[in-house]
Structures are given as C-alpha cells and as structure tokens.
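To start, the structure under review is shown below, and the notes come after it.
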Amino acid sequence: MRIQDKQLRPIADRVAQSTSKRIDDALVVQILAAVADNSGVSFDKALTQLNKPGITRAEQLAIAQAGLSKTERKDIETLLDLSGFTFSQGAKNFLEALVGRAQLETGGGGPLPPPSPSGVTADVRGITGKLEPGMVIEAINLSSAPEQRLHLADTKEIGRADAQGRFVLDANSVIGTDAMKRLAAGDVIRLRGRRADGTTGDWIELKVGGRDTTNAQFNAVRLTLTDDGLGKVALTHNTGRPMTEPGAKLRFTNLRTGDQLDVTATKDGSLPANLKIPGKAGDQIAVAVSDGTNNADLKTLATTMSVLGNANNVDPADDPVPHKDEVRADGTSMYPLRRYTGPLFVNGPQSSDVRQGAIGNCYFPAAAAAVAHLAPKVLEDAITERRDAQTGERVFDVKFYSPSGRMELVTVDADLYTRSWGGPVYGNTPNNNDLDKMELWYPILEKAYAKWKGSYDRIGNGGSPAAVLTALTGKSTRYFDTSYNSADEIFKAVKDAADKKLPMTAGTHDDKARYTNSGVYADHAYSVCGAEEVGGKKFILLRNPWGESEAGNDGKNDGYFKLEMAQFLKLFDDVSMVRA
Amino acid sequence: MALPPEPIDTVLVDAKVVVVGFVDAILETGPELPQRQAKKGERDLGNKAPWQRVRLTVERTLRGEAGKTVEAFKPEGAYIVATGTRGAFLLGAPEGGSAPILGRYGPDTWREDVVVAAFAR
C-alpha cells in the first residue's frame with residue numbers, strides 16, 4: 001500500500017501499526033481534515049471546522065470535497081480497496097461518498113454521530129486513548145460485571161478527553177464503582193464517548209494488557225436449566241445482566257449421561273439462543289468456564305447445577321410421591337389425596353401456623369416457622385396463588401432459591417395426602433378443625449419443597465435448617481457452635497438478629513440420654529424466636545416445630561418456650577441465622 | 001427421628017396399663033445400633049437408641065392393674081431412659097414378661113396432664 005499525500009500518510013501508518021487496523025468515526029474526521037487542507041486551510045483549522053458542534057455530515061463532506069486532489073482521491077481508494085483496514089459503517093460511507101462511490105448517509109441531515117474512542121490502550125496502570133475534545137468517557141468492566149448487579153449500560157464516567165482529544169487516565173481514577181470494580185490484566189473493558197448533549201458513540205472493547213491470571217466469572221444465578229419434556233434441558237439466560245465474560249468458553253456436562261455442550265459466550269456475556277443439552281429434570285449439570293487463558297482445559301468446574309421442574313412445563317397436578325413409609329409395596333400411596341379449599345393466609349404467615357407432619361423433616365418446619373416469625377413478608381412474597389390458564393384450577397407458585405442463589409419457581413395445586421380420620425399426613429397447621437377452612441400456606445410450601453427436591457421421601461429423612469433458610473430467603477447463613485462460641489456471643493448474636501428480623505434456627509445433639517425428661521428432644525431442629533434478659537438472666541426464645549411439647553409447663557402446650565443460657569448451651573449444639 | 005408424637009388417641013387404644021412412675025432400674029440394654037453421621041447442621045437423621053428392659057416403680061395407676069413395680073420394655077427408638085426417668089408410661093400387652101412402653105418418646109411423649117385429659121374425653 002502506498003499513500004502519497006503527506007497528511008494522509010502518517011494517519012495511514014498509525015492505523016497500519018495499530019492492533020485493530022481500524023478506521024472509525026473519530027479517525028475518519030482526521031482523514032477528512034487531511035483532505036480538506038488543500039483548499040487553503042490548515043489541517044488543524046479544517047479539523048476544528050469538522051468538529052464544530054452541530055455540523056452535519058453533509059457539511060463535513062463538503063469541507064473535505066473542497067480540498068480533494070487527484071492524489072488524495074487515489075489515496076482514499078487505496079485505503080478502501082488495498083489497505084486491509086476495517087472501517088466503521090459511518091467512516092466507510094464517508095470515504096466512499098468522498099470518492100463518488102456512494103451517496104452520503106446523512107442520518108436525517110443531523111450532525112455527525114459522536115465518534116468512538118480510538119488508539120486506546122489499557123493496562124493495570126490506567127487507560128489512554130483519543131476522542132473528540134471534551135467528550136466524557138464511559139466504561140464498564142465486562143469481566144467483573146457478572147458478579148455485580150449491573151446491566152451493560154450501567155457505565156461509570158472515568159474521565160474526559162482534553163482539548164486535543166487525548167485522555168490519559170490512571171487506574172486510581174478509573175476504579176471505584178461496581179461498573180469499574182477493578183482493572184486487572186486480561187479484563188475486557190467496554191468504552192464509549194458521550195457528548196455534552198448526551199449523544200454517545202459506538203462502544204469499543206479492549207483487553208487490559210499484562211499477564212492474565214483471573215479467569216472469567218460465571219454467575220449461576222443468571223442461568224435457568226429446565227426440562228423441556230422432550231428429553232432435553234434448555235439453558236436460558238434469565239436476566240438482562242451478564243452471566244459471564246464476553247467470549248468466555250463454557251462447557252456444560254450432564255453428569256448422568258456424560259453429554260457435553262461447549263459454548264462461546266456472546267459479546268454481551270450471554271449464551272446463544274435456544275441452547276439445549278440431552279437430559280431431564282433431576283439431572284446434575286456441571287459447568288466449567290475459561291477466558292481462553294485460565295482454565296483453558298475446562299477441567300476446573302465453576303459449579304454444578306440441578307435441572308429442575310419448571311412452572312411452564314411441569315403439570316401443577318403432578319404431586320410429589322409420598323415418603324417411603326407411606327407407600328405400599330405396589331407403589332401406591334397409603335393415603336388418598338384430598339383437595340383443600342381454605343385460604344392461603346389467615347392474618348399472614350405466623351410461626352404458630354406451622355406443624356410438622358409424620359415425616360423426618362423437622363429442619364424444614366423449624367426454618368419455615370422461623371421465617372414466618374421474623375420475616376413473614378418473605379413468605380407472602382414467596383407463595384402466590386392464581387388460576388391455571390388451561391384448567392382453571394387453583395394453583396400456587398412457590399419461589400425457592402438454590403444454594404447458589406438462583407431463584408426457582410415450583411407450581412403445585414392444593415391436593416394433600418390426608419388421613420381418613422384427620423388432616424394432612426405431612427405439613428400441617430394447628431387450626432385444622434374444619435379442613436375446608438384450614439390455612440394452607442405451610443402445607444403448600446412443604447409440598448412445593450418436596451416437589452422441588454423430588455418427593456416427600458427426599459425431604460423426609462433429615463436435613464439442614466440452614467439450607468432451608470437459604471432456600472426461602474435467598475441469603476446465606478451464619479453458623480454458631482455452642483461448643484466454641486460463648487454464652488454472651490450467642491445471646492448477643494441472637495438478639496441482634498432478632499432485632500434485624502433475620503430468621504434463626506437451633507439444633508439439638510443426637511445424644512439421646514441428655515434429653516430424657518428435659519422437654520427438649522434429641523436430633524431436633526427448633527425455631528429461634530428471639531432473646532431476652534429478665535431479672536439479670538438471659539434467655540433464648542424457642543419454638544418446637546411440632547407445635548407442642550416444650551420445656552417447662554406454661555399450660556399452653558403450643559411449642560413455645562424459653563431456656564436460660566446455661567440450659568440452652570447444654571441442650572443445643574448450634575444456631576444458624578440468615579445473614580443481613 | 002424427631003417425628004412429632006403420635007396423636008394420643010391412636011396410642012391409648014393399645015394401652016392396656018397406664019401408670020405414673022419412674023424407672024428404678026435398667027435391667028438389660030440391647031446392642032448399639034449403626035448411626036448415620038450428620039453433616040454440619042443436619043437434623044432428624046433418625047438414628048435409634050438400643051432397646052432397654054427396665055423396672056418401673058409405680059406411683060399411680062391410671063388404667064388397668066399394676067403392682068408396685070412393673071417390668072417394661074423400651075423398644076429401639078428415638079429416646080433412651082435412665083434410672084429416675086419419670087412420667088406417664090403407656091404400656092401395651094406384655095410380651096415375654098415385659099410390657100412394651102408405647103409412644104414415640106415413652107414418658108416424654110405426652111405430659112401426664114395430657115394423658116389424663118385424653119382419658120377424660
């Protein structure tokens with residue numbers, strides 16, 4: 001390639017030496033100025049005219065055409081045809097219009113669109129580049145964005161181009177908000193310029209230079225895996241926020257079937273549309289991610305996710321199978337299903353509404369009652385009632401959160417396994433004298449949990465109340481071991497958590513001899529309702545999820561009781577509480 | 001397993017003798033049973049304590065006939081008794097000389113006043 005014009009040649013040389021080899025909207029204005037200078041104006045003066053606020057593309061083209069020489073025409077044709085450069089759409093149209101190959105796209109006759117930053121370099125020390133003088137530079141770190149609550153338009157202003165259009169920004173001024181949480185080697189940064197009138201140029205993306213030791217992130221909360229009912233699992237990006245780094249390599253492996261799916265993340269950190277992998281509800285899908293440098297062999301897993309039934313493709317009438325103790329040899333249930341018609345809530349969810357059924361899942365009602373006691377709104381928001389669009393039946397959508405924080409929706413109807421002589425076999429409520437008026441939120445919540453986990457048997461052989469606190473609130477938990485934490489530490493933590501309305505549970509030891517005649521039961525989970533100091537003595541307030549059987553005798557036998565700290569520490573092994 | 005107590009009315013029908021008293025001797029204890037180990041924070045694992053053959057000192061008899069002492073059998077289950085354990089004992093039909101203690105948690109299944117109230121219904 002040979003460029004003859006002395007003003008155009010250095011511009012072409014700079015582009016040829018750049019890594020992008022791209023002529024964008026900002027650079028094309030310099031080319032126009034280099035062409036315009038033949039008409040009796042200097043390059044700098046032509047550049048000033050071309051960047052005059054409010055100037056239209058047609059006016060810019062006219063300024064350049066006034067100075068266009070034969071040599072420059074040939075040079076422009078060389079740039080277009082022989083240089084191997086790439087062009088932004090606006091830049092290419094300008095140059096083609098200049099040499100008469102195309103009509104100028106005027107964009108309605110308005111001013112030239114704002115240019116994009118050019119000549120940009122970034123490393124851990126900062127970002128430098130060029131833009132129209134005075135333009136604000138906006139940026140977002142696409143590599144750290146997946147762990148932030150950010151959309152890709154949630155940018156940070158990191159600086160402004162000076163009078164010559166240059167910007168030299170050190171790392172300290174660039175870093176400081178979620179959008180620019182860091183400036184690490186290998187990170188993908190998205191930049192654009194914004195004029196004072198609010199118009200913005202095209203985004204450009206670049207990698208921060210240096211030795212890349214930070215792998216791409218993967219935010220599992222933003223991925224939903226659903227059984228499509230046809231032997232495949234659909235992978236859906238469930239939010240407008242990025243899931244991973246643009247261009248990241250992802251490998252999904254069905255751990256049951258061994259099927260693998262390799263995918264490259266889109267430029268927005270999403271997944272290509274309509275992705276599916278062979279599998280079904282209940283399968284475990286392992287996810288590995290690489291930025292191309294770190295974990296390049298995809299051997300280190302980012303997470304493992306469950307394929308779950310989805311409200312859209314699982315019949316609400318599909319009831320979870322009973323616990324194995326309530327299943328006959330032929331696989332049928334010992335108890336019939338009964339349709340309940342009572343209200344979902346009566347005066348909102350309360351801990352006293354919860355009564356454990358004939359199933360080994362004390363951890364679940366203990367946690368559910370704890371949430372009802374201190375954060376009832378969480379449950380009101382988690383369980384919603386509607387009419388099924390196809391059947392018109394009353395159904396309930398119940399929200400749960402996976403350990404990674406991903407929200408799942410489970411839909412159930414109001415059919416519950418029921419004894420012939422009384423109420424529900426499983427989760428129950430004390431006010432069930434009239435089954436047609438029985439408050440339903442707790443049995444519905446437990447049924448949905450059983451459906452989510454697979455069956456009543458899957459939830460009925462022990463478990464962790466802390467995991468249920470997370471499933472209901474979407475928040476992680478703190479754990480206190482009564483062997484290691486002092487009475488004062490535990491009392492203060494419980495009191496603080498109660499004041500902040502953070503649900504809590506406590507569990508007893510499995511040493512059964514410790515509990516005989518104590519009114520407290522071994523291997524059992526309780527709701528922690530709070531802490532109080534009376535007459536210089538400190539107490540923990542508790543509730544047995546059975547809704548009865550408590551320490552002491554206050555004449556109520558409703559499950560609520562309190563223990564002085566020394567007795568609490570003797571009988572209880574641990575306390576779990578939702579983090580703020 | 002920390003299951004709730006059975007509804008008392010469903011157990012009372014099998015109770016031939018109901019006494020209020022305490023364990024004054026552990027006569028025999030069955031072998032330790034395999035225990036499922038809990039992960040951190042897990043509850044309701046359902047581990048069972050071994051069976052025990054015990055002698056009860058009777059303070060009051062609420063149903064049936066009983067002498068001053070009764071030999072009783074605590075089945076494998078969710079609780080264990082010790083000398084001095086007291087409460088209302090619901091006893092089933094004797095087998096092999098020992099009457100089985102009914103109720104998922106033996107004398108801790110229902111308080112004495114709950115048992116008395118059930119009789120009154």
Which residues, counting only those in segment A:453-472, are more than 14 Å from chain B (Cβ to nearest Cβ) and either open to solvent by less than 30 Å² (accessible area, probe 1.4 Å) or in a loop (DSSP other than H, G, I, E, B) (or both)?
A:GLY454, A:SER455, A:LEU472
Could you check segment B:1-24 and list, in sequence order, the residues that are under 24 Å from A:GLY423 (Cα atoms), of a type outside the set (A, V, I, L, M, F, W, C) and within 14 Å of chain A (Cβ to nearest Cβ)?
B:PRO4, B:PRO5, B:GLU6, B:PRO7, B:ASP9, B:THR10
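Residues checked against (1) assigned to a helix (DSSP H, G or I); (2) among the hydrophobic types (A, V, I, L, M, F, W, C); (3) within 12 Å of chain A (Cβ to nearest Cβ):
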{"position": "B:GLY46", "(1), (2), (3)": "no, no, yes"}
{"position": "B:ARG60", "(1), (2), (3)": "no, no, no"}
{"position": "B:GLY67", "(1), (2), (3)": "no, no, no"}
{"position": "B:ILE80", "(1), (2), (3)": "no, yes, yes"}
Being modelled with pLDDT under 80 and among the aliphatic types (A, V, I, L, M) narrows A:ALA26, A:ALA62, A:ALA36 down to just A:ALA26
Report yes if some residue within segment B:27-43 is part of a strand (DSSP E or B), in contact (Cβ under 8 Å) with a residue 12 or more places away in the chain, buried (at least 18 other Cβ atoms within 10 Å of the Cβ) and more than 13 Å from every other protein chain (Cβ to nearest Cβ); otherwise report no.
no
Kindly list the number of the only condition in (1) more than 10 Å from every other protein chain (Cβ to nearest Cβ); (2) surrounded by fewer than 15 Cβ atoms within 10 Å (Cβ to Cβ); (3) among the basic types (Lys, Arg) that fails for A:ARG514.
(1)
For residues that are more than 17 Å from B:GLY41 (Cβ to Cβ) and in contact with an Asp or Glu (Cβ under 7 Å, 6 or more places away or on another chain), scanning just segment A:353-374, find the one that is farthest from the other protein chains (Cβ to nearest Cβ).
A:ALA372
Among the listed residues A:GLY519, A:GLY507, which satisfies the condition of being assigned to a strand (DSSP E or B), within 9 Å of another protein chain (Cβ to nearest Cβ), touching an Asp or Glu at 6+ places or on another chain (Cβ under 9 Å) and touching a residue at least 12 places away in the same chain (Cβ under 8 Å)?
A:GLY507
Candidate set: segment A:393-408, residues that are surrounded by fewer than 21 Cβ atoms within 10 Å (Cβ to Cβ) and within 24 Å of A:VAL346 (Cβ to Cβ); chosen: the one farthest from the other protein chains (Cβ to nearest Cβ):
A:GLU393
Could you run through segment A:513-539 and say how many residues are hydrophobic (A, V, I, L, M, F, W, C) and under 26 Å from A:GLY357 (Cβ atoms)?
5
Residue list for segment A:163-179, filter: touching a helix residue (DSSP H, G or I) at 6+ places or on another chain (Cβ under 9 Å) and open to solvent by less than 20 Å² (accessible area, probe 1.4 Å)
A:GLY165, A:ALA179
Tell me which residues, restricted to segment A:118-148, are in contact with a helix residue (DSSP H, G or I) (Cβ under 7 Å, 6 or more places away or on another chain) and touching a residue at least 60 places away in the same chain (Cβ under 8 Å).
A:SER118, A:VAL124, A:ILE127, A:LYS130, A:LEU131, A:GLU132
Just the residues that are under 14 Å from the mean Cα position of the chain (by Cα) and at positive phi, please, taken from segment B:22-56.
none
Could you say which residue among A:ALA296, A:ALA372 is outside any loop (DSSP other than H, G, I, E, B) and either of a type in the set (A, V, I, L, M) or at pLDDT 90 or above (or both)?
A:ALA372
Of (1) farther than 17 Å from A:LEU250 by Cα; (2) surrounded by 17 or more Cβ atoms within 10 Å (Cβ to Cβ); (3) more than 14 Å from chain B (Cβ to nearest Cβ); (4) out of contact with any Leu (no Cβ under 6 Å at 6 or more places or on another chain), A:ASP318 satisfies all except one. Which?
(2)
Every residue in segment A:436-452 that is more than 27 Å from the chain's Cα centre (by Cα) and open to solvent by 30 Å² or more (accessible area, probe 1.4 Å), please.
A:ASP436, A:LYS437
If you check A:GLY209 against the conditions, is it among the small types (Gly, Ala, Ser), at negative phi and either in contact with a Pro (Cβ under 7 Å, 6 or more places away or on another chain) or part of a strand (DSSP E or B) (or both)?
no
Residue list for segment A:522-538, filter: crowded, with 19+ Cβ neighbours inside 10 Å and either touching an Asp or Glu at 6+ places or on another chain (Cβ under 8 Å) or β-branched (Val, Ile, Thr) (or both):
A:ALA522, A:ASP523, A:HIS524, A:ALA525, A:VAL528, A:LYS538
Taking segment A:225-245 only, how many residues are crowded, with 22+ Cβ neighbours inside 10 Å, part of a loop (DSSP other than H, G, I, E, B) and not aliphatic (A, V, I, L, M)?
2
Any residue at all in segment A:428-435 that is on the phi > 0 side of the Ramachandran plot, open to solvent by 10 Å² or more (accessible area, probe 1.4 Å) and away from chain B (no Cβ under 14 Å)?
no
A:ASP325 versus (1) assigned to a helix (DSSP H, G or I); (2) open to solvent by 30 Å² or more (accessible area, probe 1.4 Å); (3) modelled with pLDDT of 95 or more: which is the lone unmet condition?
(3)
Of all residues in segment A:473-504, which are among the acidic types (Asp, Glu) and away from every other protein chain (no Cβ under 14 Å)?
A:ASP488, A:GLU489, A:ASP496, A:ASP499
Here are some conditions: (1) within 20 Å of A:ALA184 (Cα to Cα); (2) out of contact with any Pro (no Cβ under 6 Å at 6 or more places or on another chain); (3) surrounded by fewer than 20 Cβ atoms within 10 Å (Cβ to Cβ). A:THR266 meets all but one. Which one does it not meet?
(1)
Mind checking which residues of segment B:64-104 are hydrophobic (A, V, I, L, M, F, W, C) and more than 26 Å from A:ARG514 (Cα to Cα)?
B:ALA66, B:ALA93
Checking the structure you have, find out if any residue of segment A:117-128 is among the hydrophobic types (A, V, I, L, M, F, W, C) and open to solvent by less than 10 Å² (accessible area, probe 1.4 Å).
yes
Looking only at segment A:342-357, which residues are surrounded by 12 or more Cβ atoms within 10 Å (Cβ to Cβ) and in a loop (DSSP other than H, G, I, E, B)?
A:GLY342, A:PRO343, A:LEU344, A:PHE345, A:VAL346, A:GLY348, A:PRO349, A:GLN350, A:VAL354, A:GLN356, A:GLY357
Only residues that are closer than 21 Å to A:GLY559 by Cα and either more than 12 Å from chain A (Cβ to nearest Cβ) or aromatic (Phe, Trp, Tyr) (or both): list them for segment B:89-114, please.
B:TYR105, B:TRP110
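The values are calculated or read from the model by the stated rules, or taken from the named source; none is laboratory data. In this text the structure is predicted, and so the values were computed from the model without any measurement. With ideal geometry, Cβ positions are generated from the backbone for all residues, glycine too; neighbour counts draw on all protein chains shown. Accessible surface areas use protein heavy atoms only, side chains included; no ligands, DNA or RNA. Shrake-Rupley method; radii C 1.70, N 1.55, O 1.52, S 1.80 Å.
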